[in-house]
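Undergrad: Structure provided below as structure tokens; questions to follow.
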Amino acid sequence: MRDFRFSTNVFSVESRQRFVSTCRRAEELGYDVLFAADHLGTVAPFPLLVAAADATSRMRLGTLVLNAEFWNPALLAREIATTDLLVDGRLEVGLGAGHMKWEFDTAGIEWRPLRTRASHLEELVVQLQRFLTMDFERLPEGVNAPRPVQHVGFGGSGPPLLIGGTGHALLEIAARHADSVGVAGVFQVKGRPPGTFRLATAAEADERVGFARDRLGARAEQVEWHLLVQAVVVTDERRAAGEDLLQRFGATMSLDELLETPYVLIGTLGEMADQLRAHRRRYGYSHVTVHGPYLETFAPVMSALRRA
């Protein structure tokens, strides 16, 4: 059983000074990874990670997750190699297929069916491997292309690769290529506009993780399993707090289902630590990410798990 790793993600930056303080506080609290998102309306991921590296000394830095539809493989390979170089080999690359239709509409990018987007994601991974292992001796004279520091993911040519998603098509791709598998835990609500999501139940998480494990075969015990927690609520009244949270998530599941799903943490600090231990046994989840607003709230849970 893998040891836990803990991470947080950043969606907004108010100023350089406040961002630096946040990065240093996350490292001080003991977080292992700081992630940048890849959404319109948020800061650009790679400059943010380079700035985070300057502010810290130990934390790894990653993307959770890059929208494959936004990126040209040659240009993304350049971003990855340059960033891994500038952060001294602390980069982790997360990739996904994109799921917010309004971003595609705003950017003027065609919104294609999920299976098409998934196929594009896999082609991107293959092309990234090719560009990251380019025969540099065959480049034009005077060209000095950056090389990644790490040789772990992408077939041993770049940083570790996380692939995140919920659909079977994405999980099959993750099984073929990823060092870390993220079962995202949200589903599009049928009959509602694209981008209207609901949380997965524990039973659905069982099914998706089981599907991915079947596709991984012998690799199932070698990859890292990643859990993105959508909310952290400290309370000694779990059911009452769950009722409030249920309304926030659109009442798309029962209260008992909400309290059982791995994608939210509700309870005392001890109860939340117990929940994560149970999720690791049940699903394999050992890398746990909480959203930025829960940075301080989750820290005592993280400390308790490490002490144990």
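Undergrad: Taking ARG238 as the residue in question, decide whether it is touching a Gly at 6+ places or on another chain (Cβ under 6 Å) and surrounded by fewer than 19 Cβ atoms within 10 Å (Cβ to Cβ).
TA: yes
Undergrad: Oh, and also: Would you pick out the residues in the range 109-122 that are more than 30 Å from ALA53 (Cβ to Cβ), assigned to a helix (DSSP H, G or I) and of a type outside the set (Ser, Thr, Tyr)?
TA: Scanning the range 109-122 gives LEU114, ARG115, ARG117, ALA118.
Undergrad: Inspect all residues belonging to the range 233-250 and state whether any of them is in contact with a His (Cβ under 7 Å, 6 or more places away or on another chain) and either of a type outside the set (Ser, Thr, Tyr) or over 30 Å from PRO293 (Cα atoms) (or both).
TA: Within the range 233-250 (the criterion being in contact with a His (Cβ under 7 Å, 6 or more places away or on another chain) and either of a type outside the set (Ser, Thr, Tyr) or over 30 Å from PRO293 (Cα atoms) (or both)), the answer is no, since none of the residues qualifies.
Undergrad: For the range 281-291, state whether one or more residues are assigned to a helix (DSSP H, G or I), within 30 Å of THR42 (Cβ to Cβ) and touching a strand residue (DSSP E or B) at 6+ places or on another chain (Cβ under 9 Å).
TA: Within the range 281-291, one or more residues are assigned to a helix (DSSP H, G or I), within 30 Å of THR42 (Cβ to Cβ) and touching a strand residue (DSSP E or B) at 6+ places or on another chain (Cβ under 9 Å).
Undergrad: Just checking: which of the strands (runs of 3 or more DSSP E) contained wholly in the range 174-223 hold 1 or more residues that are farther than 18 Å from ALA118 by Cβ?
TA: Fully inside the range 174-223 and qualifying: 197-199.
Undergrad: Right, next: Do you know which residues across the range 70-89 are modelled with pLDDT of 95 or more and in contact with a helix residue (DSSP H, G or I) (Cβ under 6 Å, 6 or more places away or on another chain)?
TA: Those that are modelled with pLDDT of 95 or more and in contact with a helix residue (DSSP H, G or I) (Cβ under 6 Å, 6 or more places away or on another chain): PRO73, ALA77, GLU79, THR83, LEU86, VAL87.
Undergrad: A further question follows. Can you find a residue in the range 93-108 that is among the hydrophobic types (A, V, I, L, M, F, W, C), under 18 Å from GLY155 (Cα atoms), touching a Leu at 6+ places or on another chain (Cβ under 8 Å) and not in a helix (DSSP H, G or I)?
TA: yes
Undergrad: Of all residues in the range 247-280 being in contact (Cβ under 8 Å) with a residue 40 or more places away in the chain and in a helix (DSSP H, G or I), which is farthest from PHE35 (Cα to Cα)?
TA: GLU257
Undergrad: Does LEU34 satisfy the criteria of being among the aliphatic types (A, V, I, L, M) and either closer than 21 Å to VAL181 by Cα or assigned to a strand (DSSP E or B) (or both)?
TA: Against the criterion (among the aliphatic types (A, V, I, L, M) and either closer than 21 Å to VAL181 by Cα or assigned to a strand (DSSP E or B) (or both)), LEU34 qualifies.
Undergrad: Among the residues of the range 123-133, is any under 25 Å from VAL50 (Cβ atoms) and among the basic types (Lys, Arg)?
TA: yes
Rundown of residues vs (1) in contact (Cβ under 8 Å) with a residue 24 or more places away in the chain; (2) surrounded by 22 or more Cβ atoms within 10 Å (Cβ to Cβ); (3) not small (Gly, Ala, Ser), yes/no style:
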| position | (1), (2), (3) |
| --- | --- |
| ILE163 | yes, yes, yes |
| ARG176 | yes, no, yes |
| SER180 | yes, yes, no |
| PHE187 | no, no, yes |
| ASP206 | yes, no, yes |
| PHE211 | yes, no, yes |
| ASP214 | no, no, yes |
| GLU243 | no, no, yes |
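Undergrad: Same structure, new question: Exactly one condition in (1) in a loop (DSSP other than H, G, I, E, B); (2) surrounded by 16 or more Cβ atoms within 10 Å (Cβ to Cβ) is false for ARG58; which is it?
TA: Of the numbered conditions (1) in a loop (DSSP other than H, G, I, E, B); (2) surrounded by 16 or more Cβ atoms within 10 Å (Cβ to Cβ), the odd one out for ARG58 is (2).
Undergrad: Between a first residue in the range 17-39 that is acidic (Asp, Glu) and a second residue that is part of a helix (DSSP H, G or I), which pairs have beta carbons less than 8 Å apart while being 6 or more apart in sequence or on different chains?
TA: That search, which allows pairs on different chains as well, returns ASP38/PRO45; ASP38/PHE70.
Undergrad: May I ask you to say which residue of VAL126, VAL143 is outside any helix (DSSP H, G or I) and at negative phi?
TA: VAL143
Undergrad: Turning to a different aspect of this structure: Among the numbered conditions (1) more than 20 Å from LEU40 (Cβ to Cβ); (2) among the hydrophobic types (A, V, I, L, M, F, W, C); (3) out of contact with any Gly (no Cβ under 6 Å at 6 or more places or on another chain); (4) not in a helix (DSSP H, G or I), tell me where VAL149 comes up short.
TA: Looking at each condition in turn, VAL149 falls short on (3).
The values are calculated or read from the model by the stated rules, or taken from the named source; none is laboratory data. Small disclaimer: the values here were computed from a predicted structure and weren't measured. Glycine gets a Cβ as well: all are built from the backbone with ideal geometry, and neighbour counts include every protein chain shown.
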